[in-house]
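Heads up: the structure comes next, in structure tokens.
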Amino acid sequence: MLVDNGVEGDSRVQKAARSAAEAGWDVTLLGCARTDAERDWRLGPAHVRVLPLGGPAAAGAAPRGVRGLRRRLVDRGGLPLRAARLARRPVEHAQVALWRTVHGDRAWRRLEPGLWNYERAFGPVIDALAPDLIHAHDFRMLGVAARAVRRARAAGRDVRLVWDAHEWLPGARPRRDNARWLPAHLAYVREYVGAVDAVVTVSDTLADLLRAEHALAEPPTVLLNAPAVTEVPPADGGPVPDLRQLCGVGPDTPLLVYSGAMAAQRGVGDVVAALPRLDGVHLALVAGDPSAAYVLKVRAAAARLGVADRVHAVPYVPHWQVPAFLSAADVGLIPLHHWPNHEIALITKFFEYAHARLPIVVSDVKAMADTVRVTGQGEVFRARDIADLARAVRAVLADPRRYRSVYDGPDSPLPGWTWEAQAGRLDALYRRLLDTAAASRTRVTPR
């Protein structure tokens, strides 16, 4: 398995590696980080290796003086940085048009040469492992995996490739303020998607989009981002922290929780803006880094509104502790703004809140809003509408048992919303791909 991060914060990847290893596969999960040395550990029976990401500067990188100017602009921020980025945009659009005309889908080599850094880090290690199957998580690992498969087949080994599409890339918000980013990555995926033997993804809606976009021969296998309910934590895992204790609130204080990555389009600021309308209600922000710049920005906004004492930032816990940790709250929040990927996703926190048996207050992003309306496990509000968000929270807090009862009834969705249910599908997919490969190697042509 390949992933373009340090593994520890990625619950889907960890669960996939561990469950595959527990099913009998010999699993090595390769991640990467900007470190000087490789790190490795065991994740159940799976072997995790986090490779140093770096090496020589990417081809086409800016000269040292230019890089220094960019660094100074970023450090300074404000109007000079915004002006520099606006001035750069026409040049970037011209670059996209030029290289797409000259190179087609190979244009990513000029537009996003930093992608080669993943090849430098992963390629030699994959070749040395000589796998029978490569499971590439998300879009950056697709090209790395496809090239490794190509090298293996040239050497006489038949390797199968599974691409795990975590999101719909055309609907992604670019990770950088850079006009080249999205066209480059779309071209990268188009160049290599034809090499895959099977696709897995996170929702039925995304499966349909991927099949149409890439003319896939068969529909992707859907593996929901659901929590594992039978996972045995490591011996040194420790007790589950008390969320209310970390926030300094008692059992009778209404407590909302938002868990996960934070950015303006995820609506955390809207929740803070609603707090003055919610007397006595507190908010827990469960963040990878409680001191991160955006968390501090949100807390500063809370101070301006006079609700700073009701906003609490607390750190992540290991993924096997998440539902129990969150269960101390009264409401789970998903206040996403409208964005293409937000409309089609059933995100990890949705299932974590459900297994914590929390009522969910979600904005009217399509997939999750539709699910909540059908199950009755929470309330839906109009995205970015502060008054309607406060209305939804008040409705849940007025009768929380009504919403929690959904999880305990005979029609509870929880049994199907487990990683154990997803792991069986992944195991079946691996077996089908490798059984097919074995059959093709042993087939005898009739005389």
Revision key, fill the gap. Volume per residue (Å³) of the convex hull spanned by the alpha carbons of segment 105-150 is 75 Å³
Check your understanding: For segment 275-334, what is the convex hull (Cα atoms) projected area averaged across all directions, in square nanometres?
Key -> 4.5 nm²
Study note, to complete from the structure: For the pair residue 305 and residue 293, the simple spin-label estimate (label points 7 Å beyond Cα toward Cβ) gives in nm 2.3 nm
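Compute the Rg/Rh shape ratio of segment 3-51: radius of gyration over Kirkwood radius, all on alpha-carbon atoms. Let's see the in-between values first.
Working: Rg = 10.3 Å, Rh = 10.7 Å.
Over the Cα atoms of segment 3-51, Rg/Rh equals 0.97.
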Study note, to complete from the structure: Of segment 336-380, those with amide N under 17 Å from the point 7 Å along the Cα→Cβ vector of residue 402 are 358-362, 372-380
Review point. Between 365, 234, 377, whose Cα lies farthest towards the positive end of the dipole of the chain when Lys and Arg beta carbons carry +1 and Asp and Glu beta carbons carry -1, centred on the Cα centre?
Key: 365
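Work out, step by step, the length gained on full extension between residue 215 and residue 37: first 0.36 nm times the residue separation, then minus their alpha carbon distance; give nm to one decimal.
Values: separation 178, 0.36 × 178 = 64.08 nm, distance 4.07 nm.
Full-extension gain reported as 60.0 nm.
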Point to revise | Longest to shortest principal axis, alpha-carbon extents of the chain, angstrom | key: 77, 58, 42
Point to revise | Relative packing of 268-277, 344-353, which averages over residues the other C-beta atoms within 10 Å, highest first | key: 344-353, 268-277
Revision key, fill the gap. Among 139, 161, 95, the residue whose Cα sits farthest towards the positive end of the charge dipole of the chain (+1 at Cβ of Lys and Arg, -1 at Cβ of Asp and Glu, taken about the Cα centre) is 95
Exercise for review: Might you report the magnitude of the Cβ-based charge dipole of the chain about its Cα centre, with Lys and Arg at +1 and Asp and Glu at -1, to the nearest 20 debye?
Suggested key: 1960 debye
Review point. If the cut-off is 23 Å between C-alpha atoms, which lysines fall inside it for residue 297, apart from same-chain ones fewer than 8 positions away?
Key: 349
Review point. Based only on the alpha carbon positions, what is the Kirkwood hydrodynamic radius of segment 155-265, in angstrom?
Key: 18.4 Å
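How big is the Rg/Rh ratio for segment 213-351, C-alpha atoms only, Rh by Kirkwood, two decimals?
Values: Rg = 17.0 Å, Rh = 16.6 Å.
So for segment 213-351, dividing Rg by the Kirkwood Rh gives 1.02.
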**Study point:** Peptides ranked, highest mean first, by Cβ atoms within 10 Å: ranges 289-295, 192-198, 410-416
**Key:** 192-198, 289-295, 410-416
Check your understanding: With point charges of +1 on the Cβ of Lys and Arg and -1 on the Cβ of Asp and Glu, referenced to the Cα centre of the chain, which listed residue (410, 45, 273) lies farthest in the positive direction of the dipole?
Key -> 273
Practice item. Find the relative contact order for segment 175-273 and round it to a whole percent, using C-alpha pairs within less than 8 Å whose residues are 6+ positions apart. Key: 16 percent
Point to revise | Percent RCO, i.e. relative contact order, over the chain, from Cα pairs under 8 Å lying at least 6 residues apart | key: 13 percent
Exercise for review: Can you work out the accessible area per residue across the chain, with the rest of the protein chains kept in place, probe 1.4 Å, in square angstrom?
Suggested key: 47 Å²
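I'd like to compare 418-425, 8-15: which one has the highest average count of other Cβ atoms within 10 Å, and what's the full order after that?
Details: 418-425: 17.9, 8-15: 21.0.
Answer by packing, highest mean first, reads 8-15, 418-425.
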Study note, to complete from the structure: Residue ranges of DSSP H helices in the chain that stretch 24 Å or more (Cα, own long axis) and have mean Kyte-Doolittle hydropathy of at least -1.0 are 78-103, 419-442
Point to revise | Equivalent ellipsoid dimensions for segment 215-295 as semi-axes, Å, which come from the Cα gyration tensor, largest first | key: 30, 23, 13
Check your understanding: Helix-derived [θ] at 222 nm for the chain: sum -39500 (n - 2.57) over DSSP H runs of at least 4, divide by residue count, nearest 500?
Key -> -13500 deg cm²/dmol
Check your understanding: To the nearest Å, what is the center-to-center distance of segment 267-321 and segment 137-195, using C-alpha atoms only?
Key -> 35 Å
**Study point:** As computed over segment 268-423, the Cα convex hull volume per residue (Å³)
**Key:** 117 Å³
Exercise for review: Return the carbon/sulfur percentage of the accessible area of the chain, one whole number, probe 1.4 Å, all protein chains in place.
Suggested key: 54 percent
Exercise for review: Just the number, please: percent antiparallel of the DSSP beta bridges in the chain, rounded to the nearest 5.
Suggested key: 10 percent
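The values are calculated or read from the model by the stated rules, or taken from the named source; none is laboratory data. Given the structure is predicted, the values throughout are model-derived calculations rather than measurements. Don't worry about glycine lacking a Cβ; one is built from the backbone with ideal geometry, like all the others, and counts go over all protein chains shown. Heavy atoms of the whole protein, side chains included, go into the accessibility calculation; ligands, DNA and RNA do not. Shrake-Rupley method; radii C 1.70, N 1.55, O 1.52, S 1.80 Å.
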